[in-house]
Amino acid sequence: MSVPRHGLLIGGEVVETENWMDVDDPATGEVIAQMAAATPADALRAVAAANAALPGWRATPPLARGALLAQLARALDEEAPRIAELIHREEGKPLGEAQAEVARANEVVHHFAAEAERLWSSHLPAGPGGLGSTVRPDPVGVVAAITPWNFPVALVVWKLAPALAAGCTLVVKPAQEAPMAAWAVCEVAQRILPPGVVNCVTGEGPPLGEALATADGVEKVAFTGSRRVAELIAGWAAPRLKHLSLELGGHGPLIALPDADVATVVDVAMTQGYANAGQVLVHRSLVADVLDGMRARLAGLTLGPMATERGLERHRMLMEDARGRAAKIEGGQDLGGRYVAPALVTGAGPGTKLVDEEPFTPVVAVMAYDEVADAVKEANRPDYGLVGYVCGQDMRRTMDVAQAVECGTVVVNGWRVVVPYAPYAGWRGSGVGAELGRPGLEAFIRWQHLRVLA
Ligand code: NAD
């Protein structure tokens with residue numbers, strides 16, 4: 001049976017390649033599409049197309065760029081059901097969550113469409129006749145956006161929308177495990193924007209990542225993914241003095257203070273813990289109630305398949321490691337195919353891999369603490385600092401604890417993390433730079449000072 005084939009998006013064209021790669025549905029193993037398998041030479045052609053488009057896009061007045069971005073946002077709203085379905089098929093994410101990802105991502109495009117109008121310059125007069133200092137924003141240039149499989153649309157859009165608003169052009173390289181939805185976003189952009197402003201190369205990560213991170217003509221690499229690959233990317237980009245942003249893993253610590261509302265703690269642990277990463281530090285007085293609440297919710301929790309084979313292997317390894325350290329595991333077993341049961345782990349602590357590292361599989365470790373200072377210390381111990389959560393009712397103390405958690409984002413009494421207007425940044429081992437918000441726009445800008453003396 002033939003499946004749809006999608007070529008590379010380069011310079012406004014859809015480009016066929018010699019080699020193709022299968023995209024499979026992780027729920028069934030069925031091949032659902034073929035994507036072009038680009039070579040490093042193809043990636044460089046995309047870089048050349050982005051450079052050719054740069055002068056025109058840079059010179060497009062911010063109001064006009066904003067208007068085109070607004071048009072893109074509306075087109076993506078219209079295509080949202082189709083794009084969400086692609087995420088669901090290629091990645092196994094439950095359809096409702098895929099729809100939510102696309103809806104939130106489209107809000108980001110709307111937001112930066114408006115931000116394009118707000119790029120400002122300032123003039124500091126120092127004499128008559130326009131003498132003085134003008135400070136103006138200029139786009140950094142061509143951006144290579146390299147993204148992972150787990151939020152295949154959102155993490156492209158967080159780079160694409162502000163980069164376009166700032167006047168940059170892009171080459172997007174989605175994860176090979178889930179390239180279709182990201183490709184579809186770029187294809188809509190290619191239809192609306194001038195040729196070469198948004199290009200997309202699909203294919204194997206290592207050769208394309210290296211080609212883009214070392215290419216002359218790429219000024220910035222915006223990467224989201226694992227620490228291991230980030231170090232490679234930084235190793236290629238840094239000696240060439242390219243701008244770099246790195247958004248890496250987190251371990252999602254949740255601190256439940258003694259006066260926390262148990263239902264809220266359970267909600268955060270279930271929603272964020274099993275979706276992303278879950279180290280749950282609970283005051284000893286609440287542990288029994290939190291575990292009861294989680295067990296009740298676990299009974300009705302349905303997970304999609306693990307998106308990748310290496311994710312499945314990692315889950316098994318984490319379970320074995322925890323068992324070897326005498327932790328108690330409820331659930332966590334293989335269910336056939338790529339499916340596993342969510343695991344609730346107690347009795348684990350420092351030294352256990354799923355506590356020390358980002359699990360990135362459906363496991364939540366609940367750990368008891370006695371002193372709040374110890375919970376904060378444990379939350380800050382592993383070398384991650386992406387998102388943390390604090391639940392408590394005495395707001396003065398809760399806010400003090402939230403500020404002591406060394407993460408770029410800390411959510412208080414809930415689990416909704418991202419809004420387009422606030423920065424999302426990994427601190428410490430979770431990254432360099434910020435996406436979204438004003439800092440996420442300025443990340444694509446270089447400032448020029450025009451000092452007019454005569
Ligand atoms: P990954 O690092 O394996 O891959 C990320 C991207 O790099 C993909 O496009 C991949 O094709 C490419 N790549 C892979 N190997 C490469 C190599 N040797 N050289 C160059 N490029 C290469 O990550 P993943 O498994 O797709 O995603 C999971 C990771 O992403 C987790 O660690 C997760 O925490 C992280 N993540 C972070 C955030 C955030 O916002 N900070 C969000 C989502 C995911």
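Observations on the structure shown:
- Considered as a group, the residues in the range 141-156 that are assigned to a loop (DSSP other than H, G, I, E, B), farther than 22 Å from Ala237 by Cβ and of a type outside the set (Val, Ile, Thr) include one that is farthest from the ligand (Cβ to nearest atom), and that residue is Pro152.
- Among the conditions (1) modelled with pLDDT under 95; (2) within 30 Å of Leu44 (Cα to Cα), the only one that Ser121 does not satisfy is (2).
- Test: residue in the range 234-251 that is under 14 Å from Val366 (Cα atoms) and under 21 Å from the mean Cα position of the chain (by Cα): yes
- For Tyr389: the one exception among (1) within 30 Å of Arg310 (Cα to Cα); (2) of a type outside the set (Gly, Ala, Ser); (3) assigned to a loop (DSSP other than H, G, I, E, B): (3)
- Of all residues in the range 411-433 being of a type in the set (A, V, I, L, M), in contact with a strand residue (DSSP E or B) (Cβ under 9 Å, 6 or more places away or on another chain) and within 15 Å of the ligand (Cβ to nearest atom), the one that is modelled with the lowest pLDDT: Val417
This table checks each residue for (1) more than 26 Å from the chain's Cα centre (by Cα); (2) at pLDDT 95 or above; (3) surrounded by 15 or more Cβ atoms within 10 Å (Cβ to Cβ).
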residue: Val15; (1), (2), (3): yes, yes, yes
residue: Asp25; (1), (2), (3): no, no, yes
residue: Met35; (1), (2), (3): no, yes, yes
residue: Pro40; (1), (2), (3): no, yes, yes
residue: Ala43; (1), (2), (3): no, yes, yes
residue: Ala46; (1), (2), (3): no, yes, yes
residue: Leu54; (1), (2), (3): no, yes, yes
residue: Ala59; (1), (2), (3): yes, yes, no
residue: Arg65; (1), (2), (3): no, yes, yes
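- Total residues in the range 168-195 satisfying the condition of being within 12 Å of the ligand (Cβ to nearest atom) and either assigned to a loop (DSSP other than H, G, I, E, B) or surrounded by fewer than 24 Cβ atoms within 10 Å (Cβ to Cβ) (or both): the figure is 6.
- Matching residues in the range 196-221 - criterion: being small (Gly, Ala, Ser), away from the ligand (no atom under 12 Å from the Cβ) and crowded, with 22+ Cβ neighbours inside 10 Å: Gly196, Ala215
- Count - residues of the range 86-107 that are part of a helix (DSSP H, G or I) and in contact with a helix residue (DSSP H, G or I) (Cβ under 7 Å, 6 or more places away or on another chain): 13
- Verdict on Arg325 being buried (at least 18 other Cβ atoms within 10 Å of the Cβ) and either farther than 21 Å from Tyr369 by Cβ or more than 16 Å from the ligand (Cβ to nearest atom) (or both): no
- Applying the criterion of being of a type in the set (Ser, Thr, Tyr) and either farther than 30 Å from Gly29 by Cβ or exposed (fewer than 14 other Cβ atoms within 10 Å of the Cβ) (or both) to the residues of the range 267-321, the residue that is nearest to the ligand (Cβ to nearest atom) is Thr302.
- Residues in the range 405-448 that are more than 23 Å from Pro253 (Cα to Cα) and either in the same structural domain as Lys242 (by TED's automatic domain parsing) or crowded, with 21+ Cβ neighbours inside 10 Å (or both): Gly437, Arg438, Pro439, Gly440, Leu441, Glu442, Ala443, Phe444, Ile445, Arg446, Trp447, Gln448.
- Any hit, the range 141-152, residues being more than 26 Å from Ala307 (Cβ to Cβ) and surrounded by fewer than 24 Cβ atoms within 10 Å (Cβ to Cβ): yes
- Selection from the range 439-454 of residues that are of a type in the set (Asp, Glu) and not in a helix (DSSP H, G or I): none
- Qualifying residues in the range 222-244 (those that are near the ligand (Cβ under 10 Å from one of its atoms) and part of a strand (DSSP E or B)) - the one surrounded by the most Cβ atoms within 10 Å (Cβ to Cβ): Phe223
The values are calculated or read from the model by the stated rules, or taken from the named source; none is laboratory data. Please read these numbers as outputs of a predicted model, since none were measured by experiment. Note that each Cβ is placed from the backbone with ideal geometry, even for glycine, and that neighbours are counted across all protein chains shown.
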